[in-house]
Amino acid sequence: MKKNSVALVLVGLILVSFYPVKAQQPAKMRKIGFLNQTGAFSANIEAFRQGMRELGYIEGQNIVIEYRSGEVSQLTQLATELVRQKVEVIVTSGPATNPAKMATGTIPIVFNYSGDPVEAGFIDSLARPGRNMTGVTQLAFELVGKRLEILKEAVPRVSRVAVLASPLHPGEQRELRETQSTARALGTTLQYNQVRGTADVDAAFDTIIKENANALLVFADPVTNANRKQIVEFAVKRRLPSMFGRKEPVEAGGLMSYGPSLEELYRRIPVHVDKILKGAKPADIPTELPMKFELIINLTTAKQIGLTIPPNLLVRADRVIR
């Protein structure tokens, strides 16, 4: 009995000493890259980090995020640098998506893209991306005509709407067709202005003045977003009611925006990242469309241009800037 007791005690000591050591092994440190253009909004990045934390990924404990940010001309070099860092996933924002695609065909890429990712050649289809890329798109074609409807509701006298949009932005032509269809139904004339860069934006202002547009509709794309300050200043100076597809121009002084919640989309990206880190292939993870939309109205701007927003429209707004 004594011998058996001693043997059991020894076995117990061995097991006790073994399992705590095993339990104390540090969690595997995962490494991902985050690539975006200089000037990216800190709220979006924080929404991404929050989404990662909600899934149990804590920076410095079980995940390292290599952040890289630069001008458009630097993004390819920065993407290549992330590949050399041997990150497991590259998260991209907007214009950084194509440089990441060019840098690697094997490392999974999760994007937040403002345009049509199928037309851009990033994925084969929304449901079956088919490559090393997936993510979320900000483009929701059902919102396109709605923006014009809201603009008309806010300012019934609007009859000629100037459109600013980049023809280089994937999905722009479909956006334009949807807008033209709504314009015909509303009895409104569109004045379409292609803007490929800042010089085109300045030229479009001259055309808008010459052709007497009495409202402004701005598609969400990298060119219009980069030039949002001058577009807003022009609209206010000319007392033009303006509608945008993103909230940032309205925060800068535009009149209204109706579009997807970017913070919500950035919180969704970690779901894709988590699946990939757990072994899923981006080719099999459907690309998501936006689900949450926001109507934002700037009453300070409305006052500046001498406009009274109808009360029934104000109560529907998700946010009112006063």
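Can you pull out the residues in region 59-114 that are among the acidic types (Asp, Glu) and assigned to a strand (DSSP E or B)?
If the condition is that a residue be among the acidic types (Asp, Glu) and assigned to a strand (DSSP E or B), then Glu59, Glu66 are the ones that fit.
Any idea how many residues of region 27-56 are charged (D, E, K, R) and under 14 Å from Tyr266 (Cβ atoms)?
Summing the residues that are charged (D, E, K, R) and under 14 Å from Tyr266 (Cβ atoms) in region 27-56 gives 4.
In this structure, is Glu54 in contact with a strand residue (DSSP E or B) (Cβ under 7 Å, 6 or more places away or on another chain) and surrounded by fewer than 19 Cβ atoms within 10 Å (Cβ to Cβ)?
Criteria not met by Glu54.
Do any helices (runs of 4 or more DSSP H) lying entirely in region 185-272 carry at least 2 residues that are among the basic types (Lys, Arg), and which ones are they?
228-237
Among the numbered conditions (1) touching a residue at least 24 places away in the same chain (Cβ under 8 Å); (2) among the aliphatic types (A, V, I, L, M); (3) surrounded by fewer than 17 Cβ atoms within 10 Å (Cβ to Cβ); (4) in contact with a Lys or Arg (Cβ under 6 Å, 6 or more places away or on another chain), tell me where Leu307 comes up short.
Among (1) touching a residue at least 24 places away in the same chain (Cβ under 8 Å); (2) among the aliphatic types (A, V, I, L, M); (3) surrounded by fewer than 17 Cβ atoms within 10 Å (Cβ to Cβ); (4) in contact with a Lys or Arg (Cβ under 6 Å, 6 or more places away or on another chain), the lone unmet condition for Leu307 is (4).
Only the coordinates and a few stated rules stand behind these numbers; no lab work does. Since we're looking at a predicted model, the values are computed, not measured. Glycine gets a Cβ as well: all are built from the backbone with ideal geometry, and neighbour counts include every protein chain shown.
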